[in-house]
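Data first, discussion second: the structure below is written as structure tokens.
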Amino acid sequence: MEADKARIARQFIDSIPHSLTLGMAITELGDGFARIEMPYDARFVGDPQTGVIHGGAVSALMDTCGGAAVMSHPEAPVSTATIDLRIDYMRGATPGQTIVAEATCYHVTRAVAFIRATAMDDDRDRPVATASGAFTVERGT
Amino acid sequence: MSKRPQPEPVQVVKQRRDAALTALAGGVPYIQFLGIRFDRRGDELTGILPFRDDLIGNPMLPAIHGGVTAAFLEMTALISLSYLWLWEDVETGRIEVDALEAGDLPRLPKTVDFTVDYLRSGLPRDAYARARITRSGRRYASVQVEAWQDNRDRPMAQAMAHFLMPLRED
């Protein structure tokens, strides 16, 4: 059953065209936790002088990871959508390194799921960005 | 009594302003990747995001990916802020258009934080965004930005962002 939910959540993410375009891959998923990796790509650069990835690509990664965490929660909703997302940028990600996002869905009500997320590069001790957000919980009727 | 100086020919003004915008937006790979363009009316910019299938986040609806919407809003905020910040230097000739065209860009502001509210799902069609610089200080700036599709009064998303401004070299 749990494996089934994880499979469904994985399928959900893998069917998102834009996440595929950004080269995202789920490396861990289950129980309201998701880890998604996004390899460095010169097309996602925001500052050509430094080669640092644009915040928008990090936002897309955080948003997808938050949604995945919600979908993998034991109270698995049928579907979800972002209500709001706040991202704090600590530093530019080191050019050339894969960005890894981890999101935890820490609370679910009847209609709303709350997540926290962190994005890191190879230096796991100094986050690139952190995020918190609220997602809808669509329960099939 | 001194004679009032002749106004500049309109094509000179347009060329200078468009060159500054092209240099700003054209130099960012992620803007090209998403296909974002900017429409300029005086110093007011409108971001345009032409719809493409690979921008979809929810194929069932279908709806534009929330990350795309966020990136579009952030990009519009950043370019609008940078453009306004450069405006005076470009207008007074402190920054040469030739230098901008040659890719000699000043540093861009850095995003400190970004909060986006998703109001309606993004439909599979073009989206537009406009930013309002609510504060542009020496060190920090606050920007509000809104995106819509068919109807300006029914925004698909709005966001609030804070930026760290580059230090002026003077």
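Of the numbered criteria (1) buried (at least 18 other Cβ atoms within 10 Å of the Cβ); (2) modelled with pLDDT under 95, the one B:Glu101 fails is (1). Mind listing just one residue for me: the one in the range A:53-91 that is more than 8 Å from every other protein chain (Cβ to nearest Cβ) and among the hydroxyl-bearing types (Ser, Thr, Tyr) and, of those, farthest from B:Gly122 (Cα to Cα)? Top of the filtered list is A:Ser72. When we screen A:Tyr40, A:Tyr106 for residues that are more than 11 Å from the chain's Cα centre (by Cα), within 13 Å of chain B (Cβ to nearest Cβ) and aromatic (Phe, Trp, Tyr), the only hit is A:Tyr40. Every test in (1) within 14 Å of chain B (Cβ to nearest Cβ); (2) of a type in the set (A, V, I, L, M); (3) crowded, with 21+ Cβ neighbours inside 10 Å is passed by A:Ala34 save one, and that test is (1).
Applying the criterion of at least 3 residues that are more than 14 Å from chain A (Cβ to nearest Cβ) and either within 24 Å of B:Arg41 (Cα to Cα) or in contact with a Lys or Arg (Cβ under 9 Å, 6 or more places away or on another chain) (or both) to the strands (runs of 3 or more DSSP E) found wholly in the range B:93-170 leaves B:127-136, B:140-148. Restricting attention to the range A:43-56 and to residues that are in contact (Cβ under 8 Å) with a residue 40 or more places away in the chain and crowded, with 24+ Cβ neighbours inside 10 Å, the residue that is farthest from the chain's Cα centre (by Cα) turns out to be A:Ile53.
Yes/no matrix, rows are residues, columns are (1) under 18 Å from B:Arg130 (Cα atoms); (2) crowded, with 16+ Cβ neighbours inside 10 Å; (3) within 14 Å of chain A (Cβ to nearest Cβ); (4) not β-branched (Val, Ile, Thr):
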| position | (1), (2), (3), (4) |
| --- | --- |
| B:Gln6 | no, no, no, yes |
| B:Gln11 | no, no, no, yes |
| B:Leu21 | yes, yes, no, yes |
| B:Glu44 | yes, no, no, yes |
| B:Asp53 | no, no, yes, yes |
| B:Gly57 | no, yes, yes, yes |
| B:Val68 | yes, yes, yes, no |
| B:Glu74 | yes, yes, yes, yes |
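The values are calculated or read from the model by the stated rules, or taken from the named source; none is laboratory data. From a predicted model like this one, the values you see are computed outputs, not experimental measurements. So basically every Cβ, Gly included, is an ideal-geometry build from the backbone, and we count neighbours across all protein chains shown.
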